[in-house]
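**Q** Dropping the structure in here first, questions after.
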Amino acid sequence: MSLLVCVTRRDNTKLLAKLRSLLPDVEINEWPHCSALDRVRFVLAWGAPDDLWPQLPNLEVVQSYGAGVDGIAMTLLPAHVVVTRIVDKQLAADMAEYVLTHVLAHKLRLRQYFTQQIQHSWKPKRAHQGMKVGIMGLGELGKVVAERLIANDFRVSGWSATPKSLPGISCYSAAAQLSEFLSELDYLVCLLPLTEQTQGILNRHVFEQLPNHCVLINVARGRHVNEEDLLWALDNGELAGASLDVFSQEPIDATHPFWSHPLITVTPHCAALTSIDTACEQIAANYVALINNEQIDNQVDRARGY
């Protein structure tokens, strides 16, 4: 039995070293350097090629190297395979801090003042008065972000695919309540899981229903955003700004219009970075659980996609 690491487009030297220190007696290989694929029962994956899965006849567990599972083509996995993910409690706190910072940065006009500093221009203005923040996605990250905003006197509403009831949050759900949720927001935060239903959900139809002074903050996945529609909304006064930490292609191309747009703040997918120590401890624990025929932690509902 062996563990296969297939985390693409990154240097996995530290990851492999940490896993081998935690599982010293386990054969750990990195794709594509694995000659005995029939021995693999556990895969750590992100961005794995589609043709990998048919080559693993004894696969039992796929662990996502991240809080989400959109880096795994779950429809290609046999029905019996368990899919699990990383849960990092510090990640939620970091995400909440990022969102609060970007809300306050816009509210206090910091981008404008940075530009004025370069221009040696002295033009003070009152802070924006809006205090209504809407969060799309009320999972663990969404709830922690909401709590941080409420603690800073923002009025928070949330929208999710299924009905929820959370203290201090005005909750909306499903397509029928989306328009009502959007109608009075000053800030819209996306923390949705990426599924077939949520891909491209931040589009012209949504932007037209938001107040034109609203600011978008996307910290979920780049493919939630229809990029052409976002540029249209900013250029036509349908949105006042956007803070984007995630993109359909990362890193974004040097010529991408997001880099230079005066109303867009770009950050390099840094809102909340999973600790390699936390990740490896959970991976090792799940591998040991598989060997001992015990419960795998942080399992994903494959039908729902999260």
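All of the numbers you see were taken from the coordinates with simple rules; none came from a lab. Here the structure is a predicted model, which is why all the values come from computation and not from measurement. Ideal geometry is used to build each Cβ from the backbone, glycine not excepted, and the neighbour counts take in all protein chains shown.
**Q** List M95, M74 from most exposed to least, where exposure is judged by having the fewest other Cβ atoms within 10 Å.
**A** So the residues, fewest neighbours to most, are M74, M95.
**Q** Here's another thing I want to ask about it. Using 0.36 nm per residue of separation minus the Cα-Cα distance, give me the extension gain between R20 and L76 in nm, one decimal.
**A** 17.3 nm
**Q** How many angstrom lie between the C-alpha centres of region 92-116 and region 169-208?
**A** 21 Å
**Q** Taking the Cα centre of region 89-266 as the origin, how large is its charge dipole in debye, to the nearest 20, when only Lys and Arg (+1) and Asp and Glu (-1) carry charge on their Cβ atoms?
**A** 660 debye
**Q** Put +1 on the Cβ of every Lys and Arg and -1 on every Asp and Glu Cβ in the chain; which of F247, N12, S170 then has its Cα farthest towards the positive end of the dipole?
**A** S170
**Q** Does region 6-74 come out rounded, prolate or oblate, given a ≥ b ≥ c as the square roots of the eigenvalues of its C-alpha gyration tensor, rounded meaning a/c under 1.5 and, failing that, prolate meaning a/b above b/c?
**A** Because a/c hits 1.5 or more and a/b fails to exceed b/c, region 6-74 counts as oblate.
**Q** If you average the sequence gap of Cα pairs under 8 Å that are 6 or more apart and divide by the length of the chain, what percent do you get for the contact order?
**A** Value for the chain: 16 percent.
**Q** Which three semi-axes in whole Å describe the equivalent ellipsoid of region 89-266, each the square root of 5 times a Cα gyration tensor eigenvalue, listed largest first?
**A** Calculated on Cα positions only, the semi-axes equal 25, 20, 16 Å.
**Q** Among the lysines, which fall within straight-line cross-link reach of K143, defined as a Cα-Cα distance under 16 Å, with same-chain neighbours fewer than 8 residues apart omitted?
**A** K89, K132, K164
**Q** Another question about this same structure. Can you list the aspartates and glutamates whose alpha carbon is less than 13 Å from that of K18, not counting same-chain residues fewer than 8 positions off?
**A** D277, E281
**Q** Also, quick follow-up: Among the lysines, which fall within straight-line cross-link reach of K125, defined as a Cα-Cα distance under 28 Å, with same-chain neighbours fewer than 8 residues apart omitted?
**A** K107
**Q** Given +1 on the Cβ of Lys and Arg, -1 on the Cβ of Asp and Glu, and no further charges, what dipole in debye does the chain carry about its Cα centre, rounded to the nearest 20?
**A** Using Cβ point charges on Lys, Arg, Asp and Glu, the chain gives about 880 debye.
**Q** Also, quick follow-up: What FRET efficiency would be calculated for the residue pair D253, L273, taking the C-beta separation as r and a Förster radius of 22 Å, to the nearest 0.05?
**A** According to the calculation, E is roughly 0.45.
**Q** So, one more: Name the most mobile residue of I264, I291, I201, meaning the one with the largest mean-square fluctuation, in a Gaussian network model of the chain with Cα contacts below 10 Å.
**A** Looking only at I264, I291, I201, the biggest GNM fluctuation is shown by I291.
**Q** In degrees, nearest 10, range 0 to 90: what is the angle between the Cα axis of helix 13-22 and the longest Cα principal axis of the chain?
**A** The answer is roughly 50 degrees.
**Q** Using a cut-off of 15 Å between beta-carbons, work out the net charge of the residues near S2 (Lys and Arg +1, Asp and Glu -1, S2 not included).
**A** That works out to -2.
**Q** Tell me the Kirkwood radius of region 256-306: reciprocal of the mean inverse pair distance over distinct alpha-carbon atoms, in Å.
**A** After inverting the mean inverse Cα-Cα distance, the result is 14.6 Å.
**Q** Moving on. Please report, to one decimal in angstroms, the Kirkwood hydrodynamic radius of region 195-306 built from all distinct Cα-Cα pairs.
**A** Result for region 195-306 stands at 16.5 Å.
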